[in-house]
Amino acid sequence: MQIKKLKTLVKHGESEVLEFKTSTGSLDSAMKTVCAFLNSAYGGTVLIGVIDDGKIVGQVARIARSACGR
């Protein structure tokens, strides 16, 4: 997703079709939201790395050693 589109989505705030999650630490909650969106008539978007007030904080990506072949 382009940063311009991300900022536009975040600017409008959470809604029935948009949910913010701070990090993958809230992955269980995010997956429940994804399931709810999949079962709704309109679908939705979950943005990980955005806090509830709309601040984009990002998410650190870590590669497991086993994925690197070590």
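A short reminder: the numbers here are calculations on the coordinates, not readings from a lab. As the structure is a prediction and not an experimental result, all values here were calculated from the model. Glycine gets a Cβ as well: all are built from the backbone with ideal geometry, and neighbour counts include every protein chain shown.
Could you tally the net charge around Gly54, taking each other residue with its Cβ under 15 Å from the Cβ of Gly54, Lys/Arg +1 and Asp/Glu -1?
Here the charged neighbours net out to +1.
Evaluate the charge dipole of the chain about its Cα centre and quote only its size in Debye, nearest 20, assuming +1 on the Cβ of each Lys and Arg and -1 on the Cβ of each Asp and Glu.
In total the dipole reaches around 500 debye.
What number comes out for the charge environment of Ala36, summing +1 per Lys or Arg and -1 per Asp or Glu over other residues with Cβ under 14 Å away? If you can, show how the numbers build up before the last one.
Working: positive: Lys21, Lys32; negative: Glu14, Glu16, Glu19, Asp28.
Once positives and negatives cancel, what remains is -2.
Can you compute the helix-only [θ] at 222 nm over the chain? Use -39500 (n - 2.57) per DSSP H run of at least 4 residues, normalise by all residues, nearest 500 deg cm²/dmol. Walk me through the numbers on the way to the answer.
Values: 2 runs with 22 residues, N = 70.
Taking each H run of at least 4 residues, the total per residue is -9500 deg cm²/dmol.
Could you tell me what fraction of 2.2 N^0.38 Å the Cα radius of gyration of the chain comes to, as a two-decimal ratio?
Working it through for the chain, the quotient is 1.26.
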